[in-house]
Amino acid sequence: MTALLQERPSLALRPGPGPCPVINTERLILRPHRLSDADAIAQSLGDYQVSRMLARVSAPYHRQDALDWLVRQRSGLVAGWIMAITANDDGHIGCVGIELRHGQWHLGYWLNRQHWGRGYASEAVHAAVEPFFRRMPGTVLHSGVFADNAGSLRLQEKLGFEITGCSQIYAMARNGMVSHIETRLTAEKLRRP
């Protein structure tokens, strides 16, 4: 293994925020995912109104897709935090993740449609981002939304994200290119929702 690390230094320990924490908010618990979350994930992402707003989720989305994703997340190969959003009464209701992709930290999130409009997404995103910045000071967090996702853009602006540009990206569920508003956030700009 030592020889492999010398040949491929990217396999060495990557700087990151450390192990995925458990975070309690007023109404939610953010925690590492479990394989038992597969059914709830498949139900949420099987709803096209949710999956159409995500670049890397296919439609239709099945339980096996959720299991495959969970195995990858739990493998330790993904740098960052991918947390289940759970509500006391309703179990797994969504996901918030901060992961290293292409050398930059990226934020992503989604919520089961039955829980939209209650402020859960902004509560969960803020709860994840605040300790991330404490562990990774000076980091720039990148994110974005599809141009037709006004609610998610409002959430990001409320938290302090700034728009940095617009691009076209491929959305698996839509099977096509979609306008994507790119955003970024620094610790100094983070605001409480």
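If the condition is being over 13 Å from Gly16 (Cα atoms) and either touching a strand residue (DSSP E or B) at 6+ places or on another chain (Cβ under 8 Å) or not in a loop (DSSP other than H, G, I, E, B) (or both), then the stretch 66-81 contributes Ala66, Leu67, Asp68, Trp69, Leu70, Val71, Arg72, Gln73, Arg74. Has the stretch 116-131 got at least one residue that is surrounded by fewer than 15 Cβ atoms within 10 Å (Cβ to Cβ), assigned to a helix (DSSP H, G or I) and touching a Pro at 6+ places or on another chain (Cβ under 9 Å)? No, the stretch 116-131 has no match at all. The residues of the stretch 150-172 that are closer than 17 Å to Gln49 by Cα, within 17 Å of the chain's Cα centre (by Cα) and among the hydrophobic types (A, V, I, L, M, F, W, C), listed by number, are Leu153, Ala171, Met172. You will find that of Thr139, Thr183, the residue that is among the β-branched types (Val, Ile, Thr), assigned to a loop (DSSP other than H, G, I, E, B) and surrounded by 12 or more Cβ atoms within 10 Å (Cβ to Cβ) is Thr139 and no other. Number of residues in the stretch 16-42 that are farther than 19 Å from Val125 by Cβ, out of contact with any His (no Cβ under 8 Å at 6 or more places or on another chain) and crowded, with 17+ Cβ neighbours inside 10 Å equals 1. Of all residues in the stretch 113-125, those that are farther than 23 Å from Leu185 by Cα have Cβ atoms under 6 Å from Cβ atoms of residues that are of a type in the set (A, V, I, L, M, F, W, C), 6 or more apart or on another chain, in Arg113/Val50; His115/Ile93.
The residues in the stretch 120-168 that are under 26 Å from Pro17 (Cα atoms), of a type in the set (Gly, Ala, Ser) and either at pLDDT 95 or above or touching a helix residue (DSSP H, G or I) at 6+ places or on another chain (Cβ under 6 Å) (or both) can be counted, and the count is 9.
Does Val96 satisfy the condition of being part of a loop (DSSP other than H, G, I, E, B), within 16 Å of the chain's Cα centre (by Cα) and either farther than 21 Å from Pro19 by Cα or of a type outside the set (Phe, Trp, Tyr) (or both)?
no
When every residue of the stretch 104-113 is checked against the conditions, at least one turns out to be part of a helix (DSSP H, G or I), surrounded by fewer than 17 Cβ atoms within 10 Å (Cβ to Cβ) and modelled with pLDDT of 95 or more. Could you list all residues from the stretch 153-180 that are among the charged types (D, E, K, R) and surrounded by 13 or more Cβ atoms within 10 Å (Cβ to Cβ)? Of everything in the stretch 153-180, those that are among the charged types (D, E, K, R) and surrounded by 13 or more Cβ atoms within 10 Å (Cβ to Cβ) turn out to be Glu157, Lys158, Arg174. For the stretch 47-65, a residue qualifies if it is part of a loop (DSSP other than H, G, I, E, B) and surrounded by fewer than 17 Cβ atoms within 10 Å (Cβ to Cβ), and the qualifying residues are Asp47, Ala55, Arg56, Ser58, Pro60, His62.
The values are calculated or read from the model by the stated rules, or taken from the named source; none is laboratory data. If you're wondering where the values come from, they're calculated on a predicted model, not measured in any experiment. Every residue, glycine as well, gets a Cβ built from its backbone with ideal geometry; the counts of neighbours run over all protein chains shown.
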